[in-house]
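The block underneath contains the structure these notes are about, expressed in structure tokens.
Computed from the coordinates by the stated procedures, all read-outs in this text should not be read as laboratory data. Source: prediction; values computed, not measured. All Cβ positions, glycine included, derive from the backbone under ideal geometry; neighbour counts span all protein chains shown.
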Amino acid sequence: MITIKKSVLVLSSSPRKGGNSDLLCDQFVSGVQDAGHHAEKIILKNKVINYCTGCGTCFDRKKSCSQKDDMEEILEKMITADVIVMATPVYFYTMCGQMKTFIDRTCARYTEINDKEFFFIVTAAVNSTQAMQRTIEEFRGFTSCLGNPKEKGIIYGTGAWKIGDIKKSDTMKLAYEMGKSV
């Protein structure tokens with residue numbers, strides 16, 4: 001059986017280095033690599049990503065975003081990736097600001113992000129996956145604007161308040177296995 005090597009782009013929006021959602025990203029990447037695929041993790045807090053200004057420059061699809069920051073490079077990687085993993089800590093029952101700012105800035109080229117497989121990673125201090133559904137719906141709101149997205153899996157990291165709490169959870173193994181299943 002021939003396995004097609006996939007390109008996986010992991011977008012970690014944790015504002016904390018080694019934060020719980022970021023640790024799950026690392027586990028996912030390990031699984032992807034152990035399965036023989038290519039993975040790249042981008043830590044959004046290490047990139048310059050300005051807020052969308054709503055200037056309209058990109059609306060006619062003939063001009064790129066008027067802002068010159070790291071979004072152009074990240075968007076290109078999203079367009080060429082086979083699989084996109086979007087990870088966020090859940091703050092006040094919604095995605096963190098870094099992820100929302102990032103999603104808003106895809107406006108210039110979101111119509112080119114087609115036929116992608118998506119995985120979502122969410123972590124929160126609460127022990128309920130139900131309390132995290134609003135965040136999942138926000139991700140789905142974004143992907144519903146794309147061409148033929150395929151949601152492949154969700155990793156819920158519950159009960160993770162302090163940095164490293166997720167290490168005590170079976171979710172670490174789940175993230176690795178889900179990455180390996182790509």
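Filter the chymotrypsin sites (Phe, Trp or Tyr not before Pro) in the stretch 1-87 down to the DSSP loop ones having no more than 12 other Cβ atoms within 10 Å, then list what survives. Could you put the intermediate results ahead of the total?
Values: sites: Phe28, Tyr51, Phe59; in loops: Tyr51, Phe59.
Those satisfying the criteria are Tyr51, Phe59.
Set Lys and Arg Cβ to +1 and Asp and Glu Cβ to -1, take the dipole of the chain about its Cα centre, and tell me which of Gly179, Ile4, Ile155 lies farthest positive. Of the options given, the answer is Ile155. For the stretch 5-67 versus the stretch 106-155, the spacing of their alpha-carbon centroids is 13 Å.
About the centre of its Cα atoms, the stretch 1-146 shows a dipole size close to 240 debye [charges on the beta carbon of Lys, Arg (+1) and Asp, Glu (-1) only; nearest 20 debye].
Its DSSP H runs of at least 4 residues, each contributing -39,500 (n - 2.57), put the calculated 222 nm mean residue ellipticity of the chain at -9000 deg cm²/dmol, to the nearest 500.
Restricting the trypsin sites (Lys or Arg not before Pro) of the stretch 44-97 to loop positions (DSSP other than H, G, I, E, B) with no more than 11 neighbouring Cβ atoms within 10 Å leaves Arg61, Lys62, Lys63, Lys68.
Give me the percent of DSSP beta bridges within the chain that run antiparallel, rounded to the nearest 5.
Values: 2 of 28 bridges.
That works out to approximately 5 percent antiparallel.
Computed over the alpha-carbon atoms, the chain gives an Rg to Rh ratio of 0.96, Rh here being the Kirkwood radius from the mean inverse distance.
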